[in-house]
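S.K.: If you scroll down you'll find the structure; I have some questions about it.
The values are calculated or read from the model by the stated rules, or taken from the named source; none is laboratory data. Just so we're clear, the structure is a prediction, and the values are computed from it rather than from any experiment. Every residue, glycine among them, receives a Cβ derived from its backbone with ideal geometry; neighbour counts consider all protein chains shown. Areas reflect the complete protein model, heavy atoms only, side chains present, ligands, DNA and RNA absent. Shrake-Rupley method; radii C 1.70, N 1.55, O 1.52, S 1.80 Å.
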Amino acid sequence: MMTLKLSKSIAIGLLSIVMLLHLISDDLYAQSLTGQNEIRYGRPGKKEFNSYDYLYYMENYLQLYATYEEFTLHVRQRYLMPSEFGERRDGLDAFDKIFVEYKTDHLRVKGGDFYTEWGRGLLMGSLESLELNFDSGLEGIMAEADYNNVEIAVFRGIEVDTSSAILESAAGGMLSYNFPYSRFIAGNVKLGGSAIHFDEGNRHAAFDRRGVEAQYLYDFGSVYVSYSTDSYNELAETYFHGYYSAFEFFGRDWSLLIDYKNYRFPPFQLPALQFPPQAFPTSIMYLFSREQPETHYQNDVGVQAELTYRFNGWDYNLNVNQSSYQDKIRILPSRQTRLHPFWSTFGTAEYAPLGKDRLLFQAGYMETTARNYRYGGGILYEWRIDSELTLTSEAQSVWVETPSTWSEEEESYLWAGYREDYILIALTKSHFGTITGTLARSNYEWATEGTFPKGRLKHKIFGRGQYWPAILLTADFMERHQLRLFYGYERGGLGCAGGLCRLIQPFRGVKATFTSQF
Amino acid sequence: MKRISVFLILTLIILTSMPAIAGNAPDFTLKDLKGKKVSLSSLLKDGPILIDFWATWCKSCLHELPLLDQIGDKYRSQGLQIVAISTDSPKTAAKVRPFVKSTGYDFIVLLDSKQEVRRLFGGTSTPYTVLISQEGEIVYSHLGYVPGDELKIEAKISDLFASKTGDSSESKVEHGE
């Protein structure tokens with residue numbers, strides 16, 4: 001009964017807000033009014049899960065932005081009953097995000113909830129992903145100003161995570177200078193430095209972070225370097241560091257990117273207000289993306305090279321990357337550094353002439369810290385039946401090897417293997433909707449002692465498997481609304497968006513998402 | 001279930017019956033690939049703008065971009081500008097410049113690593129396309145991309161220019177009278 005009352009009050013509240021905004025949007029006050037609303041609903045099959053309540057969710061996000069002259073007001077209403085990810089709380093968070101921003105050509109001041117990022121996230125990084133319900137935002141005040149070639153940014157705030165529990169407060173500043181374009185170096189250079197003080201929080205003692213960054217943009221590429229170091233006031237000998245660099249080269253129809261990272265971070269969760277580059281690809285295939293190449297995040301040294309090349313209508317992409325563990329921070333790994341490298345290689349070849357059928361081949365190899373060795377490939381064909389109707393079909397297959405048991409006789413691990421498959425068929429009508437059917441399959445079984453013969457890939461490659469069928473409907477309404485309706489089995493695994501990943505629980509049942517833009 | 005239904009039905013009725021409350025596009029300032037600041041208001045001085053929010057890791061974005069580039073070529077002489085706003089976070093930001101430079105796209109590329117501008121325009125994910133008239137009015141927005149969407153986008157652009165021509169001929173008549 002209480003929930004019913006809450007539901008009504010939320011709907012009435014929503015209606016009141018919308019009516020109010022209707023009034024002020026009639027050019028009386030606000031020059032522009034934009035926003036969006038998203039309803040997420042999930043209902044699992046009761047018979048499938050003991051933890052039924054854990055998988056059920058219902059949440060609503062309403063976000064609005066009103067702008068007048070140099071001022072912007074943002075409010076967000078968030079209603080969880082409970083949420084899909086994160087802390088599964090029930091109830092109304094009224095306005096869980098709110099800020100007022102004043103902005104001119106050279107000055108920007110924001111009070112309330114804000115996010116900021118310096119040094120590609122290594123020196124300072126706070127962000128939110130609604131897709132994954134990740135939030136490392138701050139509440140407080142921030143200001144950014146630039147004059148000629150000098151840029152200054154300062155902030156003071158309290159960190160708030162997804163569960164709205166106060167973690168710590170922080171204050172800091174960043175100063176950078178852009179050297180104008182010089183013919184002598186055929187480019188321009190930017191140099192910057194930052195300092196942040198973190199107060200004592202739930203996770204750690206107070207500490208200071210200092211960082212520097214440099215960027216050289218030239219006519220056929222760029223070089224970027226950033227370095228940060230954390231020193232704990234009460235633990236004078238404990239230091240944490242991060243070094244990241246990226247080298248870009250490009251020409252007509254090709255590009256080469258080389259990333260290098262060298263991180264030594266605190267051995268608990270993520271470092272405070274830091275979101276450094278990962279230097280490995282997020283995914284190219286479903287069967288790879290649901291299990292990312294893991295890294296030794298706390299003590300990690302890694303390199304990534306990505307080459308793209310266009311030839312004769314085909315686009316080629318090759319990515320090779322490695323992540324290794326190290327005991328001590330060094331800008332370059334040395335022989336004294338203990339390395340346990342994990343490699344990944346991904347490649348695609350795509351033929352997609354404008355407005356015509358599309359053909360995609362993809363293949364990859366991936367090692368993980370869990371000692372899974374995955375290699376496989378896939379093919380996708382997109383048939384444009386007419387200008388608005390498209391039929392897409394895709395098939396993927398991945399072989400996995402993993403050490404199962406230790407053999408005293410052989411003095412080595414016995415290897416187990418299994419295979420995973422994925423099939424997708426989708427019919428799409430532009431600006432109307434899509435119907436997609438998917439089928440995932442795996443014959444993975446836990447290895448028990450003595451059940452696997454020695455040798456690689458001799459077992460379970462063609463055995464009986466477990467299946468995850470699903471159907472997804474999407475429909476567009478009135479150009480501003482979109483409905484997504486899922487029914488079936490979701491296998492679970494990692495869900496990633498923009499380099500940020502979250503473990504998705506296996507699920508069977510119905511999921512619905514309704515998104516509206518204003 | 002009845003409780004959920006009440007909430008869902010009420011909310012859906014409100015949302016779907018609501019007219020578009022957005023009129024003018026909110027102004028924003030972002031940096032381009034060379035670090036130079038670019039504002040929406042400065043771009044609108046030259047003509048209408050088609051904004052596409054994209055990311056290097058978003059496959060459907062990468063399929064839409066060449067089509068938008070082609071639309072840009074077709075309508076550039078009439079003043080249309082294509083603005084591709086990358087929403088890559090720092091984790092993948094290094095891939096933006098090599099990708100754009102190697103593909104040789106003619107459109108303006110801006111960086112929105114915190115996705116603030118995308119949210120300002122009501123976008124929940126990528127790709128997200130917004131068409132803005134020279135007067136600064138949002139005339140069309142669309143979330144996602146499937147093959148064929150480019151035809152609708154082009155039709156909206158064509159309508160925009162047609163209405164502009166109509167307006168100018170009407171004003172000519174008025175002036176003539």
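S.K.: Could you list which residues have their amide H under 5 Å from that of A:Ala416, counting only those 5 or more apart in sequence or on another chain, with H placed in the peptide plane?
M.R.: Distant-sequence amide H within range of A:Ala416: A:Thr402, A:Ser404.
S.K.: Let me ask something else about it. Beyond 25 Å, what percent of the Cα pairs of segment B:24-168 remain?
M.R.: For segment B:24-168, the share of Cα pairs beyond 25 Å comes to 20 percent.
S.K.: For the pair B:Ser60 and A:Tyr309, how long in nm is the line joining their label points, each one 7 Å along Cα→Cβ?
M.R.: The answer from the label model is 3.2 nm.
S.K.: Now for a separate question. Report the full-extension gain for the segment A:Ile158 to A:Asn372: residue separation times 0.36 nm, less the Cα-Cα distance, to one decimal in nm.
M.R.: 73.0 nm
S.K.: With 21 Å as the limit, write out which pairs from B:Lys59/B:Lys95; B:Lys37/B:Lys156; B:Lys37/B:Lys114; B:Lys31/B:Lys95 have Cα-Cα distances beyond it, or answer none.
M.R.: Violating the 21 Å limit, Cα to Cα: B:Lys37/B:Lys156.
S.K.: Buried accessible area for the A:B pair, summed, 1.4 Å probe, in Å² rounded to 100?
M.R.: Buried area (both sides, nearest 100 Å²): 7100 Å².
S.K.: Now a separate question. Quantify how strongly other chains surround peptide B:101-107 by giving the mean number of their Cβ atoms within 10 Å of each of its Cβ atoms.
M.R.: Across B:101-107, the average partner-chain Cβ count within 10 Å equals 5.
S.K.: Which of the residue pairs A:Lys429/B:Lys101; A:Lys97/B:Lys101; A:Lys103/B:Lys36; A:Lys97/B:Lys164 have a Cα-Cα distance greater than 28 Å in the structure shown?
M.R.: Violating the 28 Å Cα-Cα cut-off are A:Lys429/B:Lys101; A:Lys97/B:Lys101; A:Lys97/B:Lys164.
S.K.: Give, rounded to the nearest 20 debye, the magnitude of the charge dipole that segment B:24-168 has about its Cα centre when Lys and Arg contribute +1 at Cβ and Asp and Glu contribute -1 at Cβ.
M.R.: 660
S.K.: A further question follows. Across segment B:93-103, in residue order, what do the Karplus-derived ³J(HN,Hα) couplings come to in whole Hz, using 6.51 cos²θ - 1.76 cosθ + 1.60 with θ = phi - 60° and x for Gly and Pro?
M.R.: 4, 5, 7, 5, 5, x, 4, 5, 5, 6, 7
S.K.: Then there is this: How much length is gained if the chain between A:Asp208 and A:Leu107 is pulled fully straight, taking 0.36 nm per residue apart and subtracting their Cα-Cα distance, in nm to one decimal?
M.R.: Residue separation times 0.36 nm, minus the Cα-Cα distance, leaves 33.7 nm.
S.K.: What list of ³J(HN,Hα) values in whole Hz, one per residue of segment A:135-147 in order, does the Karplus curve 6.51 cos²θ - 1.76 cosθ + 1.60 (θ = phi - 60°) give from phi, with Gly and Pro shown as x?
M.R.: 8, 10, x, 10, 10, x, 9, 9, 9, 10, 9, 9, 9
S.K.: List every residue whose amide H lies under 5 Å from the amide H of B:Gly144, counting only residues 5 or more places away in sequence or on a different chain, with H placed 1.01 Å from N in the peptide plane.
M.R.: Those lying under 5 Å, H to H, from B:Gly144 are B:Tyr128, B:Thr129.
S.K.: Here is a follow-up. Nearest 0.05, what FRET efficiency do A:Tyr147 and A:Tyr239 give at R0 = 35 Å with Cβ-Cβ as r?
M.R.: For R0 = 35 Å, the calculated efficiency reads 0.55.
S.K.: What length, rounded to one decimal in nm, is gained on full extension from B:Leu33 through to B:Lys45, with 0.36 nm per residue of separation minus their alpha-carbon distance?
M.R.: 2.2 nm
S.K.: In whole Å, what are the extents of segment A:96-222 along the principal axes defined by its C-alpha atoms, from largest to smallest?
M.R.: Sorted largest first, the three principal extents are 52, 32, 28 Å.
S.K.: In addition: Run the numbers on segment B:26-70: which residues show a drop of 50 Å² or more in accessible area, chain on its own versus all protein chains together, using a 1.4 Å probe over heavy atoms?
M.R.: When all protein chains are present, B:Lys37, B:Trp57, B:Lys59, B:His63 each give up 50 Å² or more of accessible surface.
S.K.: While we're here: When DSSP beta bridges are limited to those with both residues in segment B:24-168, what percentage is antiparallel, rounded to the nearest 5?
M.R.: Antiparallel bridges make up about 60 percent of those DSSP assigns within segment B:24-168.
S.K.: Name the residue farthest towards the positive end of the dipole of segment B:24-168 from the options B:Ala162, B:Leu151, B:Leu33, assuming +1 on Cβ of Lys and Arg, -1 on Cβ of Asp and Glu, about the Cα centre.
M.R.: About the Cα centre, the residue reaching furthest to the positive side is B:Leu33.
S.K.: Excluding A:Tyr181 itself, calculate the net charge of residues whose Cβ lies under 15 Å from the Cβ of A:Tyr181, where each Lys or Arg counts +1 and each Asp or Glu counts -1.
M.R.: +2
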